[in-house]
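The values are calculated or read from the model by the stated rules, or taken from the named source; none is laboratory data. Note that the structure is predicted; figures quoted are calculated from it, not measured. Please note: Cβ atoms are built from the backbone with ideal geometry, for glycine as well, and neighbour counts cover all protein chains shown. All accessible areas refer to the heavy atoms of the entire protein, side chains included, with ligands and DNA or RNA removed. Shrake-Rupley method; radii C 1.70, N 1.55, O 1.52, S 1.80 Å.
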Amino acid sequence: IEAVAILESRQAEAQAASQAEVLARERDALERDPNAPVLGNPDGDVTVVEFFDYNCPYCRRAKPEIEALLTADPNVRLVYREWPILGDGSVFAAKAALAARKQDKYEEFHWAMMGLEGRAEEASVLRVAEEIGLDIAQLRKDMEAPEVEEHIATSMQLTQALGFNGTPSFVIGDALVPGFVEKAQLADLVEEARKVED
């Protein structure tokens, strides 16, 4: 039993070291990718990265937690990584959201999609897009832009490198946080990251 415990502890240490190495190597891609939407304070002192899928119920549950964090802490920079892993509807929604940037409506579209009842599919995504005043013909055209495909491909590479296997997943400072997180825990992680920065 002791040997198993030692082996498990060594594996955990090796995994932590490997994740730290990946974080160091991918920090710029995670936090400073010009092709990733930034909400909150673009000049904030702590960056929170969230990988999410519009069809993930836990991502939707995280919406009020994230909003509360942004309201409570005006120094948080929030980077969104579209990671559509729950089917074709998710891919369509992610492409539409990224395309909405061209019409300066990413944030509005994002929150509306996170509040969507039912699954994100082509019809429901386009309904939300219309409701917030997006030009649908333009949106469809922009969905095919290379930077949209590139954003999603980069999200796939980053999550693979970091060992994430579900949504939502967060990177806050040196912490990798898979799964749903409440505002209080997010705030604690932000404070931890802030201490390291200082």
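A single entry from A99, A120, A129, A137 fulfils the requirement of being within 20 Å of P168 (Cα to Cα) and of a type in the set (A, V, I, L, M): A120. One residue alone among R81, R60 is of a type outside the set (G, A, S) and touching a strand residue (DSSP E or B) at 6+ places or on another chain (Cβ under 6 Å), and that residue is R81. Restricting segment 169-198 to residues that are assigned to a helix (DSSP H, G or I) and β-branched (V, I, T) leaves a set whose member that is nearest to the chain's Cα centre (by Cα) is V190. Of everything listed in (1) within 13 Å of R81 (Cα to Cα); (2) open to solvent by 60 Å² or more (accessible area, probe 1.4 Å), the single unmet condition for E182 is (1). Those helices (runs of 4 or more DSSP H) of segment 12-126 in which 3 or more residues are open to solvent by 10 Å² or more (accessible area, probe 1.4 Å), touching a residue at least 24 places away in the same chain (Cβ under 8 Å) and more than 29 Å from A184 (Cβ to Cβ) occupy 88-100.
Of all the numbered requirements in (1) open to solvent by 90 Å² or more (accessible area, probe 1.4 Å); (2) in contact (Cβ under 8 Å) with a residue 24 or more places away in the chain; (3) over 17 Å from V79 (Cα atoms), G163 misses one, and that requirement is (1).
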